[in-house]
1. Could you go through segment 35-43 and let me know if any residue there is over 15 Å from Leu80 (Cβ atoms) and open to solvent by less than 70 Å² (accessible area, probe 1.4 Å).
2. Checking the structure you have, find out if any residue of segment 12-33 is touching a Leu at 6+ places or on another chain (Cβ under 8 Å) and either open to solvent by 60 Å² or more (accessible area, probe 1.4 Å) or not in a helix (DSSP H, G or I) (or both).
3. Within segment 44-57, track down each residue that is exposed (fewer than 13 other Cβ atoms within 10 Å of the Cβ) and of a type in the set (Val, Ile, Thr).
Amino acid sequence: MTKKQTTLVFLLAATLANIVCILALLILFTIVGGLLFKERIGTALPFLFIAALITGMVIYQKAVKFIVKKFNLEEKMDPLFRPRGKRNPLD
C-alpha cells in the first residue's frame, strides 16, 4: 500500500470509531441525564448532544495521537497538512 492509501484507510477507520464513540457517549449521557433531570430531559437533550460531540472529539484527538506515536505511523502515512513556507504574493 502506498502512503496515501494507508492514510486513507487509517482516517476512514478512525472516523468510523469516532462515530461509534460519539453514539455511545450520547446514549450514556442520555441515560445519566434521564436519571438526573427526570422530567426536564427534553430541555437538557441538546446540551447532552453537544457534550457528547465535544467529548467524542477530544477522545478522538487523544486516541489518534496515541496510536500514531505507539505504532510509529508517521513514517508510514502521508502528512495531511504540509507547511506552506513563504508564498509568493503574486500567486
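The values are calculated or read from the model by the stated rules, or taken from the named source; none is laboratory data. Keep in mind that what you see is a predicted model, and the values were worked out from it rather than measured. Cβ placement follows ideal geometry from the backbone for every residue including glycine, while neighbour counts extend to all protein chains displayed. To get the accessible areas, we keep the full protein, side chains included, count just its heavy atoms, and leave off ligands, DNA and RNA. Shrake-Rupley method; radii C 1.70, N 1.55, O 1.52, S 1.80 Å.
1. Yes, segment 35-43 contains at least one residue that is over 15 Å from Leu80 (Cβ atoms) and open to solvent by less than 70 Å² (accessible area, probe 1.4 Å).
2. No, segment 12-33 has no match at all.
3. If the condition is that a residue be exposed (fewer than 13 other Cβ atoms within 10 Å of the Cβ) and of a type in the set (Val, Ile, Thr), then Ile50, Ile54 are the ones that fit.
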